[in-house]
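J.: The following block contains the structure, expressed as structure tokens.
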Amino acid sequence: MPGGVGTMDELFEILTLIQTQKIPGYKPIVLFNSEFWNNTINFDNMVKHGTISADDLNLFKITDDVDEAVSHITDNIDLSPK
């Protein structure tokens, strides 16, 4: 279960680092408990008002399904040597 303001701070910090390419490449982020996330942060409204782009919605996956989360991570993680 999410842990409050600290969770929001950490989420937006990692999304910002990925978005600004301070952390290169796509990093699969999964947000569990769609009811919580969809009621707490209205990402679609943020797109509507121009505070994020529609492409930013691709930075994370909201789901309640463990198999879907695992697939999202395994399909998107870069395991190539650096």
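The values are calculated or read from the model by the stated rules, or taken from the named source; none is laboratory data. This is a predicted model, so every value here is computed, not measured. Every residue, glycine as well, gets a Cβ built from its backbone with ideal geometry; the counts of neighbours run over all protein chains shown. For the accessible areas, the whole protein counts, side chains as well, though only heavy atoms, and no ligand, DNA or RNA atoms are used. Shrake-Rupley method; radii C 1.70, N 1.55, O 1.52, S 1.80 Å.
J.: State the label only: which of (i) 23, 17, 13; (ii) 19, 12, 12; (iii) 21, 17, 13 corresponds to semi-axes √(5λ) of the Cα gyration tensor in Å computed from the shown model?
T.: Calculated semi-axes √(5λ) of the Cα gyration tensor in Å: the matching label is (iii).
J.: With Cβ to Cβ distances under 11 Å as the rule, what net charge do the other residues near Asn76 carry (K, R +1; D, E -1)?
T.: Details: positive: Lys27, Lys61; negative: Asp75, Asp78.
Local net charge: 0.
J.: To continue, here is another question. Rounded to the nearest percent, how much of the accessible area of the chain (1.4 Å probe, protein heavy atoms only) is carbon and sulfur?
T.: Taking all protein chains in place, the chain shows 54 percent carbon and sulfur surface.
J.: How much accessible area per residue does the chain have, in Å², with a 1.4 Å probe?
T.: 71 Å²
J.: Is there a quick way to get the dipole size of the chain? I mean about its Cα centre, with the Cβ of Lys and Arg at +1 and of Asp and Glu at -1; what is the value in debye to the nearest 20?
T.: 360 debye
J.: Could you pull out every residue, at least 5 positions away or on a different chain, whose amide H is within less than 5 Å of the one on Ile62? Hs are placed 1.01 Å off N in the peptide plane, and Pro or chain starts have none.
T.: For Ile62, whose amide H was placed from the backbone, the distant partners under 5 Å are Leu31.
J.: If you average the sequence gap of Cα pairs under 8 Å that are 6 or more apart and divide by the length of segment 1-81, what percent do you get for the contact order?
T.: Relative contact order here is 37 percent.
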